[in-house]
């Protein structure tokens, strides 16, 4: 496959999670050291984090929105430990990265399933939940598909970090419907933004004019 020159400015685009990881590296190391000494597998942490997020979905389904929002923050911080553990012990693997990303998607689906159950009697809100999860999955898919074609695709307004932050703020402030509206619009807009980015990178001025 021919190498594609990155779009102007794309080299400066960074995953917000990378920047956050740099700022919290010391704190993560404090928790990672005993886990490493105990011989805990990073994949085990990934699985535990996913199961915890499924539990949070159950909390939301029961109507505890504020508690659910706080728990998402706690589980999200725990979710960062698997990667930090793998890096500190030199056990990073291709499957580990794939496993983590896949369970992240399932965890996100679980959270929205809990919200679907919570708002099951409100058609308009159910539609918002549907649009929000659709946009969320398409943001992830467009990046994965672009990277499968050899293109950098981290651009966009609403990465996973922004989506989780918006949902958490909405839940904690008990403005969940407003948060879902924002997610429904901006997540799908981000997916379209990534499609536009790939079109520009592979269009008439790129390597594949068929797009």
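Couple of notes before you dig in:
- Helices (runs of 4 or more DSSP H) contained in the range 110-211 and holding at least 2 residues touching a residue at least 60 places away in the same chain (Cβ under 8 Å), out of contact with any strand residue (DSSP E or B) (no Cβ under 7 Å at 6 or more places or on another chain) and not assigned by TED's automatic domain parsing to the domain that holds residue 73: 160-172, 176-202
- Conditions (1) modelled with pLDDT of 95 or more; (2) in contact with a helix residue (DSSP H, G or I) (Cβ under 8 Å, 6 or more places away or on another chain): number failed by residue 122: (2)
- Condition met for residue 6 (in contact with a helix residue (DSSP H, G or I) (Cβ under 9 Å, 6 or more places away or on another chain), exposed (fewer than 15 other Cβ atoms within 10 Å of the Cβ), modelled with pLDDT under 95 and not assigned by TED's automatic domain parsing to the domain that holds residue 106): yes
- Inter-residue pairs, beta-carbon under 6 Å, first closer than 18 Å to residue 78 by Cβ and assigned by TED's automatic domain parsing to the domain that holds residue 37 and in the range 91-104, second surrounded by 13 or more Cβ atoms within 10 Å (Cβ to Cβ) and modelled with pLDDT of 95 or more, 6+ apart: 103/50
- Any hit, the range 141-152, residues being closer than 16 Å to residue 110 by Cα and surrounded by 17 or more Cβ atoms within 10 Å (Cβ to Cβ): no
- You will find that of 87, 66, the residue that is modelled with pLDDT under 95 and assigned to a helix (DSSP H, G or I) is 87 and no other.
The values are calculated or read from the model by the stated rules, or taken from the named source; none is laboratory data. Values in this document were obtained by computation on a predicted structure and should not be read as measured data. Cβ atoms come from the backbone with ideal geometry, glycine included; neighbour counts cover every protein chain shown.
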